1. Suppose each label sits 7 Å from its Cα in the direction of the beta carbon; what would the residue 22-residue 84 distance come out to in nanometres?
2. Given 28, 44, 63, which one lies farthest toward the positive end of the charge dipole of the range 1-137, if we put +1 on the Cβ of every Lys and Arg and -1 on the Cβ of every Asp and Glu?
3. Quick one: go through the range 24-53 and flag any residue whose amide nitrogen is under 20 Å from the point 7 Å out along the Cα-to-Cβ line of residue 10.
4. With each run of n ≥ 4 DSSP H residues scored as -39500 (n - 2.57), what mean residue ellipticity at 222 nm is computed for the chain after dividing by its residue count and rounding to the nearest 500 deg cm²/dmol?
5. Can you give me the angle between helix 39-52 and the longest principal axis of the chain, using Cα atoms only, in degrees from 0 to 90, rounded to the nearest 10?
6. Pairs to check: 55/116; 198/221; 11/136; 116/178; 72/221; 154/179. Give those whose C-alpha atoms are more than 18 Å from each other in this structure.
7. Distance between the C-alpha centers of the range 175-231 and the range 83-161? Whole Å please.
8. Any idea what angle helix 210-225 forms with the longest principal axis of the chain, computed on alpha-carbon atoms, 0 to 90 degrees, nearest 10?
Amino acid sequence: MTEILESIPYKGIRKAMGKHMEASLSIPLHYQGIYVDVTDLLEFRKAVNAEHGSKVTVNDFIVRAVALSLQKTPIMNSSLNADKTAIEVYKPSNVSVMTASEKGLVAPVVKDAQDKSVFQISEEMRELVGRANEGKLRPDDCSGGTFCVTNIGKLNSYDSVPRPLPPQSSIMTACTAKKMAVVLDDGKDTIAARMMMKLVIGSDHRVTDGVPLANFINDVKNYLENPQSLM
């Protein structure tokens with residue numbers, strides 16, 4: 001018999017997240033990925049924080065970009081209802097943000113993110129992560145999400161195959177940014193070193209098709225490559 005190092009109880013947050021993932025196995029998913037040049041975003045973030053004395057993260061910009069992009073392609077902000085008779089398209093961009101808290105993986109929700117500034121999103125995320133680390137998240141903190149974002153940038157991971165959190169139909173992963181040789185669209189085919197981040201979106205094929213996925217992920221790309229548009 002193999003010696004057991006440790007027996008970890010399967011309960012609480014871990015079990016709740018496990019049930020969500022079990023449910024997602026029944027969803028027919030399709031995927032798209034795109035590379036985003038975040039060179040300017042990284043510099044812009046530093047300048048914003050220096051000017052305002054803030055602690056805005058790259059993820060805060062991503063959440064805002066997603067929230068605005070959902071408003072442009074509403075079908076990405078939808079889900080199949082419980083009895084599978086209708087696709088419900090939501091008005092607010094309630095963005096669930098996967099968070100590896102000290103108590104386990106959770107997905108607190110930034111509600112009405114389309115109406116919040118990067119600074120407001122940043123402050124709200126700090127509060128939510130703080131409560132998550134203390135194990136004090138309220139039920140309302142994790143309910144009502146319409147779309148999920150997970151950021152694995154700090155994990156030195158360059159690709160992902162994410163699965164949505166039911167009943168949400170879609171999820172987007174932001175992977176680790178890395179310096180790559182890129183051919184610039186400057187009419188001269190100049191090759192330059194740029195910081196590139198891969199975005200991968202997975203979505204329920206019963207709800208969405210390829211065109212809205214492409215429209216959405218390209219909108220996110222355009223926002224992140226023009227970070228001033230997010231302020």
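The values are calculated or read from the model by the stated rules, or taken from the named source; none is laboratory data. On a predicted model such as this, the values are computed, not experimentally measured, just so you know. As a convention, Cβ positions derive from the backbone with ideal geometry for all residues, glycine included, and neighbour counts pool all protein chains shown. Side chains are part of the model used for accessible areas, which takes the heavy atoms of the whole protein and leaves out ligands, DNA and RNA. Shrake-Rupley method; radii C 1.70, N 1.55, O 1.52, S 1.80 Å.
1. Simple spin-label model gives 1.8 nm for this pair.
2. Value computed over the given set: 28.
3. What the label zone holds, given the 20 Å backbone N cut-off, is 24-27.
4. Numbers: 5 runs with 74 residues, N = 231.
The helix-only estimate for the chain comes to -10500 deg cm²/dmol at 222 nm.
5. It works out to around 80 degrees.
6. Values: 55/116 16 Å; 198/221 10 Å; 11/136 16 Å; 116/178 29 Å; 72/221 13 Å; 154/179 15 Å.
Long pairs (Cα-Cα over 18 Å): 116/178.
7. After rounding, the separation between the Cα centres reads 21 Å.
8. Roughly 60 degrees, rounded to the nearest 10.
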